[in-house]
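Q: Input: one structure, supplied below.
Every number in this text was worked out from the coordinates using simple rules, so none of it is lab data. Computed from a prediction, not measured in an experiment: that's the story for all the values here. Please note: Cβ atoms are built from the backbone with ideal geometry, for glycine as well, and neighbour counts cover all protein chains shown.
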Amino acid sequence: MRLKRFETIAGWLLVLGGVTMGLQGLMNFDLLGTLLGSGSTIENVVEIAVGVAAVMMAYKMVGMKK
């Protein structure tokens, strides 16, 4: 049950990361920087969490192919 909850959180972090990257690419708008303060510690923590979620989900996807 705990793993399922973690996967749900990771999924939402990936959605947040995707929306942030999309806005950055389309409109040069930094969503996280605007909401959390550009260059702030909390912004860095959120970006690291998005990265960890991406690695976790990629690992899970590779494991599903076996």
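Q: What value, in deg cm²/dmol to 500, does the helix sum -39500 (n - 2.57) over DSSP H runs of n ≥ 4 give at 222 nm once divided by the residues of the chain?
A: After summing the helix terms and dividing by the residues of the chain, the value is -29000 deg cm²/dmol.
Q: Below 8 Å, C-alpha to C-alpha, sequence gap of six or more: please give me the relative contact order for the stretch 2-64 in percent.
A: Reported as a whole number, the value is 38 percent.
Q: Here's another thing I want to ask about it. Give me the angle, in degrees from 0 to 90, between the Cα long axis of helix 41-64 and the longest principal axis of the Cα atoms of the chain, rounded to the nearest 10.
A: With both axes taken from Cα atoms, the answer is about 30 degrees.
Q: Continuing with this model, one more query. Evaluate the distance, in nm, between pseudo-label points positioned 7 Å from the Cα of Ala54 and of Ile42 along their respective Cα→Cβ axes.
A: 2.3
Q: For the chain, run through the chymotrypsin sites (Phe, Trp or Tyr not before Pro) and keep only the ones in DSSP coil with at most 13 other Cβ atoms within 10 Å of their Cβ.
A: Of the chymotrypsin sites (Phe, Trp or Tyr not before Pro), the ones in loops of the chain whose Cβ has at most 13 other Cβ atoms within 10 Å are Phe29.
Q: Let me ask something additional. For the chain, set up a Gaussian network in which alpha carbons nearer than 10 Å are linked by springs, and say which option among Gly39, Gly18, Gly51 fluctuates the most.
A: Maximum fluctuation in the GNM of the chain, among the listed residues, is at Gly39.
Q: May I ask for the equivalent-ellipsoid semi-axes of the stretch 2-64, computed as the square root of five times each C-alpha gyration tensor eigenvalue and listed largest first in whole Å?
A: That gives 24, 13, 9 Å for the three semi-axes.
Q: Rounded to the nearest 10 degrees, what's the angle between the helix 2-27 long axis and the longest principal axis of the chain, both from Cα atoms, 0 to 90?
A: Around 40 degrees separate the two axes.
Q: Pop a pseudo-label 7 angstrom from the Cα along the beta-carbon direction at both Asn28 and Thr8 and give the gap in nm to one decimal.
A: 4.0
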